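Chemist: Following this message is one structure expressed as structure tokens.
The values are calculated or read from the model by the stated rules, or taken from the named source; none is laboratory data. This is a predicted model, so every value here is computed, not measured. When we count neighbours, we look across all protein chains shown, and the Cβ atoms used for this are built from the backbone with ideal geometry, even at glycine.
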Amino acid sequence: MQKPSSITHPGFFHQYIDAVPETDLSDAFNVQLPVINSFLSSISEEKSKHAYAAGKWTIKEILQHMIDAERIFSYRALCFSRKEEKMLPGFEENDYAANSNANDRSWHSLGNEFLIVRQSTHLLFNSFTDKMLLLDGHFNNMSNTTAGMGFIILGHFYHHKKIIEERYL
């Protein structure tokens with residue numbers, strides 16, 4: 001499935017979709033896995049507790065946010081692929097982070113969870129037919145396609161990886 005055009009996804013999500021260099025969704029999932037593994041292994045337990053300023057999330061909280069968001073985005077893709085007609089809710093990322101308990105977990109545990117969630121996400125997207133990937137749905141008063149949610153998932157990782165590299169490391 002090819003990367004969606006800018007008219008098929010909400011403007012806010014352009015930054016995520018544009019962050020994915022690959023144009024094929026399946027290729028993009030395959031290319032990103034070693035990037036994730038290398039990135040996770042480059043951060044120590046001690047460094048994972050770091051926040052670059054008061055009131056900012058720690059690296060652990062960012063990774064937990066990526067896990068939470070990937071689950072939510074995958075659920076949205078599943079709903080779209082199954083022709084759900086109801087408006088799906090949004091989520092308040094700061095509330096999720098505040099209630100995540102991420103800082104009491106080990107970096108290794110969070111990394112393993114992210115890899116398992118990603119494996120599940122990849123399998124989910126591999127199960128979609130081309131027709132399913134083109135189906136659209138609605139969330140938080142926005143619309144997108146199943147494939148668009150896949151590129152958002154991939155780009156969301158690149159977005160936060162870049163923030164961590166620029167502001168935390």
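Chemist: Residue 168: closer than 22 Å to residue 61 by Cα and touching a Phe, Trp or Tyr at 6+ places or on another chain (Cβ under 7 Å), yes or no?
Modeler: So residue 168 fits the description; yes.
Chemist: While we're here: Given the conditions (1) modelled with pLDDT of 95 or more; (2) under 29 Å from residue 142 (Cα atoms), and given that residue 39 satisfies all but one, which numbered condition is not satisfied?
Modeler: All conditions are met except number (2).
Chemist: Residues in the range 41-66 that are assigned to a helix (DSSP H, G or I) and either among the aromatic types (Phe, Trp, Tyr) or crowded, with 18+ Cβ neighbours inside 10 Å (or both): how many?
Modeler: 9
Chemist: Just one of the numbered conditions (1) surrounded by 15 or more Cβ atoms within 10 Å (Cβ to Cβ); (2) in contact with a strand residue (DSSP E or B) (Cβ under 7 Å, 6 or more places away or on another chain) is not true of residue 28; which one?
Modeler: For residue 28, the failing item is (2).
Chemist: Just to verify a result, which residue in the range 20-34, among those that are assigned to a helix (DSSP H, G or I) and out of contact with any Phe, Trp or Tyr (no Cβ under 8 Å at 6 or more places or on another chain), is farthest from residue 152 (Cα to Cα)?
Modeler: Taking the candidates together, the pick is 34.
Chemist: Going through 123, 115, 134 one at a time, which residue ends up being surrounded by fewer than 21 Cβ atoms within 10 Å (Cβ to Cβ), more than 16 Å from the chain's Cα centre (by Cα) and hydrophobic (A, V, I, L, M, F, W, C)?
Modeler: Answer to the check: 134.
Per-residue answers, yes or no, for (1) in a helix (DSSP H, G or I); (2) among the hydroxyl-bearing types (Ser, Thr, Tyr); (3) over 26 Å from residue 47 (Cβ atoms); (4) in contact with a strand residue (DSSP E or B) (Cβ under 8 Å, 6 or more places away or on another chain):
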| residue | (1), (2), (3), (4) |
| --- | --- |
| 73 | yes, no, yes, no |
| 79 | yes, no, yes, yes |
| 91 | no, no, yes, no |
| 109 | yes, yes, no, no |
| 138 | no, no, yes, yes |
| 154 | yes, no, no, no |
